Amino acid sequence: MIKATKRVLAPLLLTALIIAAVPACSVGGDGDADKAGGSEAPEVLRLAVADDAEQPDAPFARYFARRVSALSDGSVRVRVVWDAAGQSSPGYELGIAQRVHDGDFELGWMGSRAWDRMGITRFQALQAPFLVTDYGLLGRIATGPLAQRMLAGLEGHGFVGLGLVPEHLRYALGVREPLASVADFAGSRVRVRPSDATDALLRALGAEPVHISGDEVAAAVADGEIDGAEASLGTNSRDEGENHLTVNLPLFPKTLTLFAGEDAYDQLDAGQREAVRAAARQTAAYAAGHPPSERALMREFCGGGRLVSAVAAPAGDLRALESAAQPVYTELEEDANTKALIAAIRGLKDASSANPVAVPPAACAHTTRTVSGRKRSPSAVNGTYHWRVTEAGAHAAARAVGAPPNADKQDIGSVGKMTLRDGKWLMGDVEPEHYSGTYEIVGNQLVFDWRGDVLAFKFSRAADGSIELKPLPPTDPGDAVVWAGGPWRRVGPPVRDIP
């Protein structure tokens, strides 16, 4: 069993306790299921949802609210409260459990991954590395007896488990390059949602799990403090550094637990309890019957107008990653219930055909950029450079990264200015904090790090100090044209300050 960081509910994270002090009525709600019904006032149950109304699970929470109203003939209504514990802490999901436990809300909706932080380990089988990797299998788990066995783990802790709702598969996305091998993970810092099982997997792969709130991620990416993130397609963002996907390496799924506070549940009559339970079962079935399309999500990921890549890890690297993760199974299976659940999931998996891995669009499907060679002192190219983007240079730069020759033709004739000094670069005359970063010389390549994006160019240097660049894929065609659309002419030493 992966050891829980907290063995009982009462001493949860201090931030969760502070969150719990905020009155429930101060949080904005959702009125979808709180409309007029019968002549008698209905029983109103407030559903505390961990995330906001724009997340992929939001339609399922609304569906549950509607089904409760219908199945109870209007005697029970569910009022959905989004972002009910705030997200200022990385452990915000624990705040949902705390508020339901304290009676601030009657119902809760949060990621099953977080329960092990409170000593409730029955859901850890879902976090077993590389075990549940397709939506068909996930749906069968969520709608079958295995879900009920997991939910039973909430008994005795002040909660009543109602339903297990499937959501998206989770991947490790790299900030600068994909995380596709043991070597890629080794020494990397990867942002994860707090879960003991998830932390154990990252450590087994040689990475350091990082717990920071969503508000802190963009700055951590810009400062180079994280190298990747555990995330779902459809919710990833450039600001959070989730740019490089390994398409055949889903780590585990995200599932939501729908649960009630024990005291609130006991106050319902038998018919109302059955209506709530039936609505939870129907919600799980509805979510399982409407899985996301990984193909559509991948098209969205690749077509967002930003530099991203989608790679497939070679079979040998996949085997090495699975082998590295085996100690996690050893720990998980120290708990008899978790061991039995993992075995049951393996039985379901063996008895069903797996969905094929979604193939990314050709423009997005790159192998990991290889930057190899002897590192040289970056001061070798110190200087101030000017260049003009020519038509011939723009066409050549675009073709070098597989784009049409007229890509970003509006930049033809523009003039660029670059300062290079001892591994730092500054482009142009405006917004120095944005148009600056670091660089290194590796073999015959100049490699620029720009707020988490890596731009690599083959380069040659003439006797007069001018530089010719050839962009290497996967570089954005617009960046390729602007940076390499003409020779850089050295006009003097570096004189400008670089942030």
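The values are calculated or read from the model by the stated rules, or taken from the named source; none is laboratory data. All of these numbers come straight from a predicted model, not from anything done at the bench. All Cβ positions, even for glycine, are placed from backbone atoms using ideal geometry, and neighbour counts span all protein chains on display. Calculation scope for accessible area: heavy atoms of the full protein, side chains included, ligands and nucleic acids excluded. Shrake-Rupley method; radii C 1.70, N 1.55, O 1.52, S 1.80 Å.
Here are the numbers for the structure shown:
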| read-out | value |
| --- | --- |
| Residue 447 in a strand (DSSP E or B), in contact with a His (Cβ under 6 Å, 6 or more places away or on another chain) and in contact (Cβ under 8 Å) with a residue 12 or more places away in the chain | no |
| Residue count, the range 385-418 (criterion: modelled with pLDDT under 85 and surrounded by 19 or more Cβ atoms within 10 Å (Cβ to Cβ)) | 5 |
| Cβ-Cβ under 7 Å pairs, at least 6 apart or on other chains, the range 148-174 side assigned to a loop (DSSP other than H, G, I, E, B), far side at pLDDT below 95 and not basic (Lys, Arg) | 157/9; 158/9 |
| Per-region count, the range 162-177, residues in contact with an Asp or Glu (Cβ under 9 Å, 6 or more places away or on another chain) and either surrounded by fewer than 22 Cβ atoms within 10 Å (Cβ to Cβ) or closer than 23 Å to residue 292 by Cα (or both) | 11 |
| Identity of the residue in the range 81-131, among the hydroxyl-bearing types (Ser, Thr, Tyr) and within 20 Å of the chain's Cα centre (by Cα), that ends up modelled with the highest pLDDT | 112 |
| Residue within the range 478-493 that is within 13 Å of residue 427 (Cβ to Cβ) and open to solvent by 70 Å² or more (accessible area, probe 1.4 Å) present | no |
| Strands (runs of 3 or more DSSP E) lying entirely in the range 188-259 (those with 1 or more residues that are open to solvent by 20 Å² or more (accessible area, probe 1.4 Å)) | 189-191, 208-210 |
| Residue in the range 419-433 that is touching a helix residue (DSSP H, G or I) at 6+ places or on another chain (Cβ under 6 Å) and either outside any strand (DSSP E or B) or open to solvent by 20 Å² or more (accessible area, probe 1.4 Å) (or both) present | yes |
| Yes/no for residue 465 being assigned to a loop (DSSP other than H, G, I, E, B) and in contact with a helix residue (DSSP H, G or I) (Cβ under 7 Å, 6 or more places away or on another chain) | no |
| Complete set of residues in the range 99-125 that are assigned to a helix (DSSP H, G or I) and open to solvent by less than 10 Å² (accessible area, probe 1.4 Å) | 99, 100, 112, 114, 115, 116, 118, 124, 125 |
| Subset of the range 431-448 [modelled with pLDDT under 90 and of a type in the set (Asp, Glu)] | 431, 433 |
| One residue from 451, 461 being within 26 Å of residue 242 (Cβ to Cβ), open to solvent by 60 Å² or more (accessible area, probe 1.4 Å) and out of contact with any Gly (no Cβ under 6 Å at 6 or more places or on another chain) | 451 |
| Those residues of the range 283-300 which are open to solvent by 30 Å² or more (accessible area, probe 1.4 Å), closer than 19 Å to residue 55 by Cβ and hydrophobic (A, V, I, L, M, F, W, C), in sequence order | 296 |
| Condition met for residue 78 (modelled with pLDDT of 95 or more, more than 12 Å from residue 259 (Cβ to Cβ), in contact with a strand residue (DSSP E or B) (Cβ under 7 Å, 6 or more places away or on another chain) and surrounded by 24 or more Cβ atoms within 10 Å (Cβ to Cβ)) | yes |
| Within the range 466-482, considering residues that are of a type outside the set (Val, Ile, Thr) and modelled with pLDDT of 95 or more, the one farthest from residue 243 (Cα to Cα) | 466 |
